[in-house]
Each structure stands twice: as C-alpha cells, then as structure tokens.
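Below: one structure, written as structure tokens.
The values are calculated or read from the model by the stated rules, or taken from the named source; none is laboratory data. Not measured: the values here are computed from a predicted model. Cβ coordinates were reconstructed from backbone atoms using ideal geometry, including for glycine residues, and neighbour counts include every protein chain displayed. All accessible areas refer to the heavy atoms of the entire protein, side chains included, with ligands and DNA or RNA removed. Shrake-Rupley method; radii C 1.70, N 1.55, O 1.52, S 1.80 Å.
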Amino acid sequence: MQITDELILKLQKLINSKQFSILEFEIESLGEIEKLPNNILMIYACCKAMKKHTTKKEYIKISYYFDKIFCSQPENIEAFYNLIKSSLTSQHFEFLKKHIFKQYEKDPKNKLILEALYIMHYYLGDMELASRYYKEFLNFNPKNIKAWTEYLGGLLYHDDLSQLDYLNECKNLSNLIKKNDQKFRIKKSNKIRLCFISPDFSDHPVAFFCKDLFKKIDKNKFELIALSNKKIINHDKTTDEIKSNFSIWKDVYETKDEDLVKLALDLKLDILIDLSGFTTRNRISVTEHRVAPIQISWLGYCNTLGLSNIDYIIFDRNLVSPEEESFYSEKILYMPKTFAALTKPNDHVEIKNKFSNDEFIFGSFNNLRKISKKTFDTWSEILNKTNSKLLLRTSTQDTSELRENVLKKFRDRNVNIEQIEISNTILDKYEHLNSYNNINLTLDPFPFPGATTSFESNYMGVPVLTLRGTNSISRFGVTINLNLGLDNMIANNIDDYIAKAIDFSKNKKKLKKISGENLRSIILNSSLFDTDDFTKNFEDLLVNLVEKNTQ
C-alpha cells in the first residue's frame with residue numbers, strides 16, 4: 001500500500017481518538033513492520049505503548065522500534081524521549097544505553113535524561129552512579145521533594161558517606177518543605193490516640209514486624225488509628241488481618257497532602273508514628289507539617305530523616321551509641337533489647353543437614369543493589385581464597401541486565417564465575433525459606449545489611465556474618481547477632497570479615513556447632529521473636545513519653 005498524506009492523517013485521527021486496536025490493524029496491513037517508513041513506525045510504536053495491559057516483552061519491542069528510528073534519524077529527539085519512557089517502563093536498557101550518554105553530553109541539564117540516568121543505574125545496581133545523576137537532577141530541580149527523598153534513600157547504599165554528611169543532606173530537604181512549627185501538648189484522656197502511617201500494611205516486611213504489636217498492644221491504653229497510603233486494589237490478606245486491630249482506618253492513597261493534614265488534625269492524635277521515612281509512597285510533607293504533638297520515626301527507614309517536626313526515632317543501644325546522638329536530628333528513644341521483633345513464622349520448614357559434603361556455600365538473599373563496591377571487593381577476595389561458591393538471590397524484582405552487571409563486577413575482580421549462582425526470585429514463602437537449606441553461611445552486605453533476610457537465615461539455622469557498621473542502618477546485623485549471643489559472627493573491620501569467612505569455610509565443624517536446629521531454638525527463644533515482651537516495652541516507652549508531654 002502506498003503511504004499517502006491521507007493515510008497519515010487517518011492514522012493520526014485513530015491515535016488521537018485512542019482507537020489503538022484498529023490503528024494497529026491498519027498499520028500491520030501495510031506490510032512488514034520493520035520496513036515501514038519511520039513516521040509510520042513511530043505511530044505504530046506509540047500506539048503499542050499507549051494500549052492498556054502492554055506487557056514487559058512488548059515494551060522491549062517498542063524500545064527496539066524507537067531505537068531503530070533514532071539510529072536512522074538522530075535529529076528525531078521525540079523518538080529518543082519515547083525510547084527513554086519505554087525503557088524505564090520495561091526496566092530494560094539495552095537500547096537506551098546506546099544513546100543516553102551521548103545525549104547527556106549534549107544536554108547535561110535535561111531533566112528527563114538525568115532522571116533516566118538515575119533510574120537506569122538504580123535498576124542496574126550501580127547505586128553511587130545513580131546518586132550522582134540524581135544530585136545533578138536536583139541541582140537543576142532543587143524543589144522536587146519526591147526526587148529528594150529518592151536521592152536520600154539511595155545514599156544509604158554508599159560505602160564512604162559519613163553519618164554527618166548524610167544528616168546535612170537530609171537537612172537540605174527539610175529546608176524546602178512547608179511546615180507548621182506550632183507545638184501543641186497532649187490533653188489528658190482515657191486512651192492514647194496512637195496513629196501509624198505507612199504504605200506497607202500488606203505482604204511486606206514492615207507489616208510482618210508490626211503484626212503482633214498491633215494485635216497485642218493494650219487496647220485499654222491505646223486507641224489505634226491507621227493512615228494507609230496503599231491503593232485499596234492492592235490490599236491483601238495481611239491488610240485484612242492488620243486492619244482488624246484498628247478502631248479507625250483511613251485509606252489515604254488518593255488524598256492530597258493538604259487534605260491529609262486536615263484529616264489528621266481532625267483525628268486529634270496524641271502520637272503519630274511514621275513507618276516509611278524516605279521510602280516509596282512516603283508522606284513526609286504531612287508529617288513535616290506537624291499533625292500530632294508527638295511524631296516518631298520507626299522501623300521502615302532506620303536512619304535520621306533530618307526533618308524538624310519528627311521529634312523522636314526508635315532504636316536500640318546496639319544501633320547508636322550516646323556519643324553519636326548528635327548525628328541524628330531526632331531525639332533517640334531506646335528500646336531495652338531490640339528495636340524490632342518479628343512475628344513467628346506459621347509454617348514449619350524443616351532444616352536439613354548442609355554439612356554432609358565437601359562443598360562450602362556462602363549465600364545472600366538480599367536486594368542485589370545492597371552489594372556495594374567494598375562488598376564486591378570483600379566477597380571476591382573470599383571467593384578467590386577459598387574453594388567455595390556464592391548463592392545470590394535478590395529479594396526484589398530482578399532483571400537479566402542486573403544479574404549480568406553483578407556477574408561483570410565479580411569478573412572484573414578475577415572471580416571464577418562458576419563460583420557464582422544467581423537464582424530466580426522465589427515468591428512462595430515456604431520455598432523461599434526452604435532455599436536457605438542450600439547454604440552454609442550467609443554473608444551480610446554492607447553498609448546496608450539485611451534485616452528480614454537475617455531473621456530468616458537464622459531461623460533456618462544459617463548464621464549471618466556481618467560487619468560492624470558506623471551508623472544505625474549499617475548495624476542491623478550487629479543488633480541481631482548480639483541478641484542471639486553470636487558475637488563471633490560480628491566482624492570489626494573488612495579484614496576481620498574476610499578472615500572469619502575463610503576460617504568458617506575451612507572449619508565446618510566449628511560452624512556446625514552454632515548452626516541448624518540449635519540456632520533456630522536460640523532465635524525463637526530470643527528477644528527477636530518475643531513480641532509479648534517487645535510490645536510491653538513499646539507500650540511503656542510511649543506511655544512515659546506521653547506523660548512528659550501531657551498538660
């Protein structure tokens with residue numbers, strides 16, 4: 001069929017009226033798609049992208065079309081911008097990487113290019129590069145609060161950023177947010193109106209740590225209120241289970257900040273506990289406005305927020321020492337044993353003997369983005385000095401490009417790739433826990449170690465070797481191991497970490513003594529799973545706080 005102006009006009013009308021299926025049929029009837037003129041191919045690719053329920057595989061093909069157009073027409077910037085959007089949607093960057101660095105050199109202040117560079121490097125696990133481009137984005141877009149929170153969250157993965165420098169970066173955000181500095185005190189009443197705000201009241205680690213607390217907290221002392229920042233369509237069984245413990249539940253995902261501030265003020269809260277910090281779908285603009293006399297950060301972020309209206313943060317003394325308190329903008333409330341306790345698993349997963357053969361398997365089932373440069377260096381040295389393997393599996397959505405990037409980093413450090421296995425994400429909880437039976441020792445990444453995964457590993461009888469960190473979030477593994485009495489699983493520095501890993505790999509009998517059913521018994525009877533004791537201590541902490549702030 002001949003391509004005429006009349007045909008182009010017809011196709012344009014179809015795309016404007018969103019008749020995508022008809023448009024797709026019309027173009028496919030013209031002949032082989034890849035041989036069509038660029039203007040028709042552009043319409044076709046845009047049509048495919050705008051259809052509902054487009055799959056990841058289809059978006060990759062769409063990116064291929066935009067790449068093809070841009071390669072033949074480098075002046076067609078619209079094709080390049082569309083390539084960015086389709087690549088970010090598919091989280092597949094094969095085609096985008098061919099062009100984006102050259103375009104960045106031409107236009108280093110371009111908002112879309114900088115944001116794409118950040119997201120691309122984030123999904124590839126290059127966290128320090130991701131932060132570099134996001135900081136450049138913020139230099140040209142300094143009032144973008146969402147970008148600031150994503151940038152600050154990314155800094156937690158950095159090897160060499162001091163806690164003081166991190167605090168100062170947080171304060172830069174605080175200075176941007178409109179806030180209400182009015183202080184108001186709590187009025188005496190029969191119950192403390194305690195509100196939790198979170199996007200994670202669902203099948204999520206935050207919920208697993210909170211479930212027993214919500215269930216067991218004394219309802220004669222506390223009236224529980226929830227502000228759930230999660231789409232109702234994404235509620236699940238865990239949401240329903242949690243929801244039953246609250247006297248007031250508000251779904252606020254669709255609620256604008258200014259309306260949520262009014263709603264929260266009308267609830268006349270005594271305490272607001274923020275469970276998200278700078279994580280995705282946070283509502284820091286609301287907490288920074290001040291909607292309760294006492295506002296606390298806990299659990300979901302575990303580092304300072306640097307925000308003037310977050311009064312307190314809940315830790316334990318293994319996470320922060322008294323001389324470090326000045327590096328946190330919040331006053332620190334110390335839990336006596338552990339900053340969090342996990343609900344005991346319902347399903348019993350059998351622990352199997354992992355010491356019956358000569359092969360030694362290290363493992364880490366954490367988010368692969370937590371493997372920092374120094375972690376790669378450290379794990380590579382361990383692998384190069386031992387006859388061992390390393391089993392990795394990310395706890396978040398992974399991609400083939402992320403996996404290949406991880407393997408490349410090990411190759412660059414002269415590791416035999418036959419020693420590395422990256423397994424698929426396992427969604428089934430039983431099978432996920434059962435997979436710990438494939439490893440002898442869990443290696444904790446740093447400076448952002450595991451939390452839920454470390455609880456799981458110990459429950460499955462696999463000890464976790466962790467590095468003593470320099471701030472609250474980097475000491476997750478420290479507080480877990482100290483609560484288990486496993487001081488020897490805490491390395492004081494990287495050399496000590498390497499030496500311990502090598503020693504355990506060569507002395508399996510030594511490791512076996514602190515593994516298996518013995519370790520499971522220890523953790524199940526420790527403070528880490530004692531949610532009765534944790535809840536009582538949590539209640540006492542809040543009651544004492546309210547008494548100090550009551551009129």
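Filter the helices (runs of 4 or more DSSP H) completely within the stretch 425-489 down to those with at least 2 residues that are surrounded by 22 or more Cβ atoms within 10 Å (Cβ to Cβ) and at negative phi.
Helices (runs of 4 or more DSSP H) meeting the threshold: 452-459, 476-483.
Which count do you get for residues in the stretch 490-516 that are free of Cβ contacts under 8 Å to residues at least 60 places away in the same chain, in contact with a helix residue (DSSP H, G or I) (Cβ under 7 Å, 6 or more places away or on another chain) and open to solvent by 10 Å² or more (accessible area, probe 1.4 Å)?
1
Quick one: in the stretch 139-176, which of the residues that are over 23 Å from Lys374 (Cβ atoms), among the aliphatic types (A, V, I, L, M) and surrounded by fewer than 18 Cβ atoms within 10 Å (Cβ to Cβ) is modelled with the lowest pLDDT?
Among those residues, the one meeting the criterion is Leu176.
Could you check Ile498 against (1) more than 25 Å from Phe315 (Cα to Cα); (2) outside any helix (DSSP H, G or I) and say which number it fails?
(2)
Could you check the stretch 267-281 and list, in sequence order, the residues that are in contact with a strand residue (DSSP E or B) (Cβ under 7 Å, 6 or more places away or on another chain) and not aliphatic (A, V, I, L, M)?
Lys268, Asp270, Asp274, Ser276, Gly277
Hey, any hits in the stretch 245-261 for a residue that's among the acidic types (Asp, Glu), open to solvent by 10 Å² or more (accessible area, probe 1.4 Å) and within 28 Å of Asn168 (Cβ to Cβ)?
Checked against the condition, which is being among the acidic types (Asp, Glu), open to solvent by 10 Å² or more (accessible area, probe 1.4 Å) and within 28 Å of Asn168 (Cβ to Cβ), the stretch 245-261 yields at least one hit.
Are there any pairs, at least 6 apart or on different chains, whose C-beta atoms fall under 6 Å, with the first in the stretch 216-228 and acidic (Asp, Glu) and the second in a strand (DSSP E or B), and if so, which?
If the second residue must be in a strand (DSSP E or B), the pairs left are Glu223/Arg193.
State whether the residues of the stretch 24-42 include one that is open to solvent by less than 40 Å² (accessible area, probe 1.4 Å) and aromatic (Phe, Trp, Tyr).
no
With among the β-branched types (Val, Ile, Thr) and modelled with pLDDT under 95 as the only criterion, which of Ile217, Ile271, Ile248, Ile186 stands out?
Residue meeting the stated conditions: Ile186.
Which residues, counting only those in the stretch 197-244, are open to solvent by 30 Å² or more (accessible area, probe 1.4 Å), within 19 Å of the chain's Cα centre (by Cα) and among the polar types (S, T, N, Q)?
Matches in the stretch 197-244: Asn234 only.
(1) of a type outside the set (S, T, N, Q); (2) without any contact (Cβ under 8 Å) to a residue 12 or more places away in the chain; (3) touching a Pro at 6+ places or on another chain (Cβ under 7 Å): which one isn't true of Glu75, the others all being true?
So the condition that Glu75 fails would be (3).
Considering only the stretch 61-106, state which residues are open to solvent by 60 Å² or more (accessible area, probe 1.4 Å) and not in a helix (DSSP H, G or I).
Correct list: Pro74, Glu75, Glu94.
This table checks each residue for (1) under 15 Å from Val349 (Cβ atoms); (2) modelled with pLDDT of 95 or more; (3) polar (S, T, N, Q).
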residue: Asn424; (1), (2), (3): no, no, yes
residue: Thr453; (1), (2), (3): yes, yes, yes
residue: Ser457; (1), (2), (3): yes, yes, yes
residue: Ile480; (1), (2), (3): no, yes, no
residue: Leu484; (1), (2), (3): no, yes, no
residue: Asn492; (1), (2), (3): no, yes, yes
residue: Ser521; (1), (2), (3): yes, yes, yes
residue: Leu528; (1), (2), (3): no, yes, no
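I need a count of the residues in the stretch 410-421 that are open to solvent by less than 30 Å² (accessible area, probe 1.4 Å) and in a strand (DSSP E or B).
1
So, restricting to strands (runs of 3 or more DSSP E) that lie completely within the stretch 292-399, which ones have at least 1 residues that are in contact (Cβ under 8 Å) with a residue 12 or more places away in the chain, open to solvent by less than 30 Å² (accessible area, probe 1.4 Å) and closer than 30 Å to Phe504 by Cα? Don't jump to the end; show me each part of the working.
Working: elements: 294-297, 312-316, 331-335, 360-364, 388-392.
Per the criteria, 312-316, 360-364, 388-392.
Among the candidates Asn537, Asn518, single out the residue that is part of a helix (DSSP H, G or I) and within 30 Å of Gln295 (Cα to Cα).
Residue meeting the stated conditions: Asn537.
Name every residue in the stretch 267-291 that is in a loop (DSSP other than H, G, I, E, B) and hydrophobic (A, V, I, L, M, F, W, C), in order of residue number.
If the condition is that a residue be in a loop (DSSP other than H, G, I, E, B) and hydrophobic (A, V, I, L, M, F, W, C), then Leu267, Leu269, Leu275, Phe278, Val291 are the ones that fit.
Would you please list the contacts, defined by Cβ atoms under 9 Å and residues six or more apart or on different chains, that run from a residue in the stretch 52-65 that is farther than 13 Å from Asn82 by Cα to a residue that is surrounded by 10 or more Cβ atoms within 10 Å (Cβ to Cβ) and of a type in the set (A, V, I, L, M)?
Taking only residues 6 or more apart or on different chains, the pairs are Thr54/Ile62; Glu58/Ala49.
Table: residues versus (1) hydroxyl-bearing (Ser, Thr, Tyr); (2) farther than 18 Å from Leu542 by Cβ.
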| position | (1), (2) |
| --- | --- |
| Leu299 | no, no |
| Leu307 | no, yes |
| Asp311 | no, no |
| Ile314 | no, no |
| Ser321 | yes, yes |
| Leu342 | no, yes |
| Pro345 | no, yes |
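Only one of these is surrounded by 17 or more Cβ atoms within 10 Å (Cβ to Cβ), among the charged types (D, E, K, R) and either modelled with pLDDT under 90 or not in a loop (DSSP other than H, G, I, E, B) (or both): Lys48, Lys13. Name it.
Criteria check complete, one pass: Lys48.
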